[in-house]
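Q: One structure is given below, represented as structure tokens, and several questions about it will come after.
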Amino acid sequence: MSKVATIVLAAGKSTRIKSSRSKLLHEIAGQKVITTLTKTLKKLQPDQVVYVVNHQKDKIITEVSHTFSDFDWVDQGEPKGTAHAVKKGLEKLIKFRGDILILAGDVPFLSLSILEKLVTRHHLNNSIFSLLSFEPENPHGYGRIIRKNNKAVGIIEEKELKEEEKKIKECNGGIYLIQAQWLKTAIDKIENKNKKQEFYLTDLIYEVPSDSEITIIKTPPEELLGLNTRTHFAQGEKIRKQQLTKKFMEAGVGFLNPDEVYLEAEIEIGKDTIIEKDVALKGKTVIGENCRISQGSIISDSIIEDGALIKPYSVIEDSVVGNNTQIGPFSHLRPKTVVGDNAKIGNFVETKKTRLGKGVKASHLSYLGDAVIGENSNIGAGTITCNYDGTNKFVTTLGKEVFVGSDSQLIAPVTVGDNAYIGSGTTIMKDVPPNALAINPKQQKNIAGWNQDD
Ligand code: UD1
Ligand code: MG
């Protein structure tokens with residue numbers, strides 16, 4: 001099979017989304033648009049890749065370099081249209097023989113299989129010019145494919161459409177596979193005699209010899225959404241979410257309501273896990289098998305191990321939750337919390353930079369920050385680690401099987417030995433040896449007849 005090089009058009013000014021940032025650096029499902037496209041492209045394993053950049057080029061190049069270690073880029077200079085961009089891209093492909101796949105940076109939801117189909121059919125038909133078309137619900141803004149006797153004979157941009165042509169539903173996806181040798185000469189014939197005074201890549205269709213078949217693959221519209229406006233970005237979030245929930249359901253993950261979750265592109269979920277509604281899973285979160293993530297929980301950049309139960313409205317950030325552990329409802333695990341297996345963190349418990357050993361229970365209303373808590377310890381309701389003196393943070397260390405009575409404060413730095421017992425309402429100001437009972441005796445006085453109801 002002949003070689004495939006790719007030119008990615010990524011230089012446009014993104015005027016229609018009215019943002020100071022290039023649209024390719026905006027995120028959908030927590031992933032930059034240019035990265036979503038680049039990751040799919042990488043799977044195709046093209047022989048050479050050229051990004052045509054200009055607006056915010058340094059940021060775009062840096063973003064691409066997170067995925068591709070080896071790629072070329074060229075600065076388009078003042079962007080003068082998609083054909084001008086391709087012409088610039090060809091400067092890096094002077095010696096290349098084969099076919100050139102042209103991708104629009106703002107069309108990121110393409111599947112690998114449709115790209116493979118484009119390559120296969122292009123070769124099968126011996127085409128020199130092939131493209132993807134689609135029928136979006138609202139074709140406004142896209143170039144329309146003009147057919148005569150079912151054969152494609154033209155592509156007309158929205159601004160140039162005559163009234164009756166606006167009814168045409170079949171649109172140009174902006175993705176092409178073109179024989180390199182032909183492209184290198186045909187591109188020079190394109191002029192900018194149109195309303196936008198741009199060099200339209202779509203005009204290439206008029207240069208295709210009449211005896212050469214133009215391969216057009218009709219593609220599911222969700223794969224060809226072009227992100228030009230904020231409305232397109234909102235549609236993009238919906239499409240990406242549907243792609244992600246479908247992928248996970250096919251892998252055995254259950255969703256009580258797949259339309260009402262928020263999932264980001266890089267998350268992983270194991271089979272037999274159930275995701276309830278209004279759950280958000282963000283960043284590089286990995287959820288194991290047989291977990292349940294209950295309504296309203298938000299988990300980012302965390303690892304939730306097999307069998308864990310995250311009860312409603314818990315927030316977990318950059319943390320690890322062990323096997324069969326229960327969190328919530330209304331728990332907040334802040335960064336660098338590590339909870340061991342079979343533990344239980346309950347209502348209104350906040351943790352930060354804290355290690356809780358296996359079997360630890362902190363069931364109600366506590367703040368545990370900068371702490372190490374040994375296995376099977378029990379943290380009573382209202383326990384607070386006083387980790388901050390206004391300038392520095394200090395560590396609280398508890399051994400194994402420690403019992404902390406309710407409403408206790410541990411003033412760090414402090415260490416409590418294994419099996420120690422802290423009485424309710426105690427303020428721990430110095431270390432407690434193993435097996436000891438720590439209390440701050442306070443005497444209770446009952447004053448008889450205090451309340452005199454006559
Ligand atoms: C383009 C097609 C249109 C198609 C649509 C599909 C043309 C003339 N029109 O329109 O037929 O239906 O895509 O989504 O090609 N870019 C550059 N340099 C430039 C101009 C654009 O690199 O000088 C890049 C943009 O950053 C963008 C891509 O090319 O990623 C497409 O450009 P855009 O302006 O979005 O074209 P559309 O109007 O969407
Ligand atoms: Mg576009």
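The values are calculated or read from the model by the stated rules, or taken from the named source; none is laboratory data. Since this is a predicted model, take the numbers as computed values, not measurements. We place every Cβ from the backbone using ideal geometry, glycine too, and count neighbours over all the protein chains shown. Accessible surface is based on the protein model in full, side chains and every heavy atom, while ligands, DNA and RNA are left aside. Shrake-Rupley method; radii C 1.70, N 1.55, O 1.52, S 1.80 Å.
Q: Step through the residues of segment 426-435 one at a time and calculate ³J(HN,Hα) from phi using the Karplus curve (6.51 cos²θ - 1.76 cosθ + 1.60, θ = phi - 60°), rounding each to whole Hz and writing x for Gly and Pro.
A: With the stated coefficients, segment 426-435 comes to 9, 9, 8, 10, 9, 4, 10, x, x, 6 Hz.
Q: Label segment 230-438 by shape, choosing from rounded, prolate and oblate, from the square roots a ≥ b ≥ c of the eigenvalues of the Cα gyration tensor; if a/c is under 1.5 it is rounded, and otherwise prolate applies when a/b is larger than b/c, oblate when it is not.
A: Numbers: a/c = 2.99, a/b = 2.27, b/c = 1.31.
Prolate shape, in that a/c is at least 1.5 and a/b is the bigger ratio.
Q: Would you mind computing the Rg to Rh ratio of segment 4-224 from its alpha-carbon coordinates, Kirkwood style for Rh?
A: Details: Rg = 16.3 Å, Rh = 17.6 Å.
Expressed as Rg/Rh, it is 0.93.
Q: What does the extension gain come out to for residue 111 and residue 393, with contour length at 0.36 nm per residue minus their alpha carbon separation?
A: On the way: separation 282, 0.36 × 282 = 101.52 nm, distance 4.91 nm.
Net length gain for the segment: 96.6 nm.
Q: Next question. Sorted by accessible area (1.4 Å probe), largest first, how do 99, 272, 72 line up? Intermediate results must be reported in sequence, preceding the final value.
A: Numbers: 99 10, 272 90, 72 55 Å².
The residues order as 272, 72, 99, largest area first.
Q: Given the chain, what percent of its DSSP beta bridges are antiparallel, to the nearest 5? Walk me through the intermediate numbers first.
A: Working: 18 of 100 bridges.
Around 20 percent of the beta bridges assigned by DSSP in the chain are antiparallel ones.
Q: Compute the distance in nm between two label points, each set 7 Å from the Cα along the Cα-to-Cβ direction, one at residue 251 and one at residue 272.
A: 1.7
Q: Counting only DSSP beta bridges with both residues in segment 4-224, tell me the antiparallel percent, nearest 5. Spell out each step's value before the answer.
A: Numbers: 17 of 37 bridges.
Antiparallel bridges: around 45 percent, rounded to the nearest 5.
Q: Mind running the shape call on segment 183-236? Use the C-alpha gyration tensor, a ≥ b ≥ c as the square roots of the eigenvalues: rounded below 1.5 for a/c, prolate if a/b tops b/c, oblate otherwise.
A: Values: a/c = 3.58, a/b = 1.47, b/c = 2.43.
Since a/c reaches 1.5 but b/c is at least a/b, the shape of segment 183-236 is classed as oblate.
Q: Rounded to the nearest 10 Å², what accessible area does residue 365 show when all protein chains are kept and the probe is 1.4 Å?
A: 100
Q: Residues with amide H under 5 Å of residue 143's amide H, sequence separation 5 or more or different chain, H placed in the peptide plane at 1.01 Å from N; which?
A: For residue 143, whose amide H was placed from the backbone, the distant partners under 5 Å are 158, 172.
Q: May I pose another question? Where a ≥ b ≥ c are the square roots of the eigenvalues of the C-alpha gyration tensor, would you call segment 316-380 rounded, which needs a/c under 1.5, or, failing that, prolate if a/b is larger than b/c, or oblate? Don't jump to the answer; show the numbers that get you there.
A: Numbers: a/c = 1.18, a/b = 1.07, b/c = 1.09.
The shape class here is rounded.
Q: Probe radius 1.4 Å, ligands and nucleic acids left out: which of 255, 330 has the largest accessible area, and how do the rest follow? Don't skip to the end; give the middle numbers.
A: Numbers: 255 25, 330 100 Å².
Of 255, 330, the descending order of accessible area is 330, 255.
Q: Post the alpha-carbon centroid distance, segment 81-122 to segment 260-323, in whole angstrom.
A: First find each Cα centre; the distance between them is then 37 Å.
Q: Can you list residues whose amide H is under 5 Å from residue 386's amide H, if they're 5+ apart or on another chain and H is modeled 1.01 Å from N?
A: When sequence neighbours closer than 5 places are left aside, the close amide H contacts are 410, 411, 412.
Q: Straight-line reach only, C-alpha to C-alpha below 15 angstrom: list the aspartates and glutamates that residue 166 could link to, leaving out same-chain residues fewer than 8 apart.
A: The reachable aspartates and glutamates, counting only those whose Cα sits under 15 Å from residue 166, are 135, 137, 157, 158.
Q: Rounded to the nearest 0.05, what FRET efficiency do residue 443 and residue 21 give with R0 = 41 Å and r taken as the Cβ-Cβ distance? Could you check? It would help to have the intermediate numbers written out before the result.
A: Details: r = 65 Å, r/R0 = 1.60.
FRET efficiency, residue 443 to residue 21: 0.05.
Q: Ok, one more. Just to be sure I follow the definition: excluding the sites themselves, where is the longest run in the chain that has none of the GluC sites (Glu not before Pro) in a DSSP loop with at most 11 other Cβ atoms within 10 Å? Can you show the working numbers first?
A: Details: sites that count: 91, 137, 191.
Excluding the exposed sites themselves, the longest stretch runs over 192-454.
Q: Now for a separate question. Restricting to segment 315-454, compute how many DSSP beta bridges are antiparallel as a %, nearest 5.
A: 0
Q: Given C-alpha coordinates of segment 108-232, what is the ratio Rg to Rh with the Kirkwood estimate of Rh?
A: Working: Rg = 14.3 Å, Rh = 15.2 Å.
A ratio of 0.94.
Q: Roughly how many Å is it from the Cα centre of segment 152-200 to that of segment 39-76, as a whole number?
A: About 24 Å separates the Cα centre of segment 152-200 from the one of segment 39-76.
Q: Using only DSSP helix segments of four residues or longer, with each worth -39500 (n - 2.57), what per-residue ellipticity at 222 nm results for the chain after dividing by its residue count and rounding to 500? Walk me through the numbers on the way to the answer.
A: Working: 6 runs with 71 residues, N = 454.
Result for the chain, helices only: -5000 deg cm²/dmol.
Q: For segment 282-297, in order, what is each residue's ³J(HN,Hα) by Karplus, 6.51 cos²θ - 1.76 cosθ + 1.60 with θ = phi - 60°, in whole Hz (x at glycine and Pro)?
A: 10, x, 9, 5, 10, 10, x, 8, 6, 9, 10, 10, 7, 3, x, 7
Q: I would also like to ask the following. Can you tell me what percent of all Cα-Cα pairs in the chain are more than 44 Å apart?
A: Details: 36341 of 102831 pairs.
Result for the distance tail: 35 percent.
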